[in-house]
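See below for the structure under consideration.
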Amino acid sequence: MNLNDVLKDETTRAAIIDDVVGLIDGEVSRQKGLSGMAVKAGYKLVQGVKPGFVRNVVQGLLPDFAAVLEPIRQQALAEGQSVSSYFAAHSEEIAEALLEVTDSRAQKSDHGSVKGAYGKLRGSARKNVEAAVPGLGAIVEQYAT
């Protein structure tokens, strides 16, 4: 079953959203130092835009992320690797593919504060997204195998 098929089931979709939001929350909470403070402050700002904002963004981005991640998942399977190990081994290119999706969405945002926060954090985002890719791989493997 591919990622787009998995997302058609509302219960599974809700569970995936919960897991991805949990992954994001965990990654943000692990940030250290000055750059970590900036990430945490930006995240708090984004969450403050309106309640549930991060969850809504994840929900809205999920189809675009699935479209980007499905060929990667297929490649992992074609090479006989687990999805989670493949994601961990290819975190740089997967992070870049995900960031292309968020870059496009951020440009379309009507929230100036969100655009500003995203713009300030984008420079360090790749490192942070790369760190989250193995966890994302585990989520993909859990639901789409």
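Using R0 = 41 Å, the C-beta based FRET efficiency linking residue 109 and residue 2 works out to 0.90. Distance distribution P(r), region 64-114, all Cα-Cα pairs, bin width 10 angstrom from 0: 24, 44, 20, 10, 2 percent. The HN-Hα couplings worked out from phi for region 89-96 by the Karplus form 6.51 cos²θ - 1.76 cosθ + 1.60 (θ = phi - 60°) are 6, 10, 4, 4, 6, 5, 4, 5 Hz, whole numbers, x standing for Gly and Pro. On full extension, the segment bounded by residue 126 and residue 89 gains 11.8 nm, given 0.36 nm per residue less the C-alpha separation. Considering every alpha-carbon pair of region 1-51, the percent of pairs per 10 Å bin, from zero through the bin containing the longest distance, is 23, 36, 25, 15, 1. Cα extents for the chain along the principal axes, largest to smallest and rounded to whole angstrom: 42, 31, 24. For region 1-131, relative contact order (Cα pairs under 8 Å, six or more residues apart, normalised by length) works out to 28 percent. Taking the accessible area of the chain, probe 1.4 Å, and keeping the other protein chains in place, the carbon and sulfur fraction comes to 56%.
Peptides 26-39, 59-72 ordered by packing proxy, namely the average of other Cβ atoms within 10 Å per residue, highest first: 59-72, 26-39.
Modelled this way, with points 7 Å down the Cα-to-C-beta line, the labels at residue 53 and residue 40 are 1.8 nm from one another.
The values are calculated or read from the model by the stated rules, or taken from the named source; none is laboratory data. The shown structure was predicted, so the numbers you read here are calculated from the model rather than taken from an experiment. Glycine gets a Cβ as well: all are built from the backbone with ideal geometry, and neighbour counts include every protein chain shown. Side chains are part of the model used for accessible areas, which takes the heavy atoms of the whole protein and leaves out ligands, DNA and RNA. Shrake-Rupley method; radii C 1.70, N 1.55, O 1.52, S 1.80 Å.
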